[in-house]
Structures are given as C-alpha cells and as structure tokens.
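Throughout, read-outs are computed from the coordinates displayed, never taken from laboratory work. Note that the coordinates shown come from a computational prediction; the quantities given were computed from them, not determined experimentally. Quick reminder, even Gly has a Cβ in these numbers, built from the backbone with ideal geometry, and neighbours come from all protein chains shown.
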Amino acid sequence: MAGTRKSGAHDGTGRDGVRRGDRTVSGEQESVCDEAAVVRYLRAHREFLCRHPELLELLEVSQGVRGAVSLLEHQVRRLRERVARLRAQQVRLIEAARRNEDLGNRLHELALALMEAEDAEDVVAVAREHLRAQCALVAMDLRVWRPGSGVSSLSFVLSDAEAEERFGELTHERRVLFLDPGDARIRELLSGAEAVRSAVVAPLADGHWRGLLALGSEDPERFREGMGTLFVRQLAALLGRALRTRMEPTGRAGRPNWSPTDVGA
C-alpha cells in the first residue's frame, strides 16, 4: 500500500545520515553545518582566539590562504616564546647544579682541613678562615653550651645561663633561621655585624650539648627565606662532629659521648 513503510525497511536517512526535523542530513552535510556555525560564531566573537590563544597552536592553515601569514606568524611567535621559556628554565637548572657542585666541593675542602685541626679552638679558626675565604662570608661564629654547665676555658663555649641570656629563644630552636639585617640578634651572634646584610643561623644539638652556627654575608640576597638549607645543615653537622671529637672524652666502645644531630629542615 502506498505510503506504508514495510517492516524492517530502511528509514531513508542513509547509513551515515542524521534525521533533523523533517530533513535528512548526511554526515558530510552535518560537518558543513557545524563548520558554518563555527564561522558565524567566530565572526560574532572576534576576541575568542585572544581568550583562548592555545588553540592557535592546533590550527592548520595553508600558506596559500589569504590572511594566513599573520596567523602563522602568531603561531611561530608563541612557539618561540615557549622555546625561550624552556631554555631559560634549562639555564636556571644548569646554574643551580653548578652552584650545588661548587658548594659540595667547598664542603669537602673544609672537611679535609678540619681533619688537620689540632684542638677545638683550631676547628673554629679553620672553619672561620675557610668560610670567609672560600664562601665570601664577612662573618662566621659558633657558640656551644651544655645545659647546667659552668664557665669553660674555650672562647666559643658559654655557660647555660649566659647562652640563655644572650640568645633567648634561639637556644631552643631546632630549625635553620634566616635573619634580616635589622634583627638585633645578629649583633649577639656575629662579630663584625655592621657589615652583615643577610644572616642564617643553624642549630647544633644532641643530648649533651646545644649550639648555634651563625653565618653573615654582605649580599642581602645571600641568605633569604625560602632558599634551601641543605648546605648550612651539612656544614653545622660537620663542625659539630669535628668539635665533638676534640671536646669530649671517649665513652664506651671508644666512641665520643657527644654526637651532634643534623637538625632543621
């Protein structure tokens, strides 16, 4: 019968067709319709690519198309900017690696020099000379004290009471601290503090002794909040170990009683 669809017959849209209202649209026609919609949208919203510049890198434009040169130039400029950023990042990483290698070498040289130190006073003198010459520091001081102890003949050893009076809450600090030039504690910690524009303080501590290592620089950016503290902590641990072996009698199994801990994060 005319006008009657047979059971199971094709609906007339075609294999790739899309039925839209009372019209049947092929996949190719659908693509053209979508493309036209995109064109209309871009014409109505010319700032769209300015809001989404990342899309420019995904566009494929023939050189023969009128107006394509400016778009390609924009793409090239963005790619060049990305390459420049990556190269700058690479340079920063290389510079950081070189600085770390240099610091490691200086720490190694100091360790060798400390092995030749005859006594605890010599340890401090060698460290001060090395750090000022090799690390461009204008000030370096180290103070240690034993809770409940009295006066010592060593110039850098304080009584517990004197340490508390001079350094206050720093005597209980277990973190590496960065001090601003105006911090009054710099004058207590460092001789020659008038030349110091940035300073860092690292703790020495274990069950027997406590102490502070202070470093000062003329460079305001040398020691600043947020920078890494690994070198300072390793330096504090190295000096603490060198002092321990020359200040404390050996305990059981021939080991010194004082074992400074690398503290602070």
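Key figures
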| quantity | calculated |
| --- | --- |
| Ranking of 200, 39 by count of other Cβ atoms within 10 Å, fewest first | 39, 200 |
| Derived scalar couplings ³J(HN,Hα) [the stretch 163-178; Karplus, 6.51 cos²θ - 1.76 cosθ + 1.60; whole Hz; x for Gly, Pro] | 4, 5, 5, 7, 10, x, 5, 5, 5, 10, 6, 10, 10, 6, 10, 9 |
| Calculated FRET efficiency for the pair residue 74/residue 43, C-beta based, R₀ 25 Å, to 0.05 | 0.85 |
| Interchain or long-range residues, amide H under 5 Å from residue 208's placed H | 259 |
| Residue-wise HN-Hα coupling along the stretch 112-120, computed from phi with Karplus coefficients 6.51, -1.76, 1.60 (Hz; x: Gly, Pro) | 5, 5, 5, 5, 8, 5, 7, 8, 5 |
| The stretch 117-254: radius of gyration over Cα atoms, expressed as a fraction of 2.2 N^0.38 Å | 1.02 |
| Nearest-0.05 FRET efficiency for residue 136 and residue 208, computed from C-beta distance (R0 25 Å) | 0.15 |
| Separation in nanometres of the label points that stand 7 Å from Cα toward Cβ, at residue 105 and residue 128 | 2.8 nm |
| Note, ³J(HN,Hα) from phi for the stretch 42-56, Karplus 6.51, -1.76, 1.60, rounded to Hz, x at Gly and Pro | 5, 5, 7, 10, 5, 8, 4, 5, 5, 7, 10, x, 5, 6, 4 |
| Value of relative contact order over the stretch 117-254, rounded to a whole percent, pairs C-alpha under 8 Å and six or more apart | 26 percent |
| 155, 217 arranged by Cβ crowding within 10 Å, fewest neighbours leading | 155, 217 |
| Extension reserve of the residue 245-residue 83 stretch, reckoned as 0.36 nm per residue once the Cα distance is removed | 53.0 nm |
| Simple label model, 7 Å out from Cα along Cβ direction - residue 160 to residue 119, nm | 2.6 nm |
| Long-range amide H partners of residue 138 with built H, under 5 Å | 216, 217, 218 |
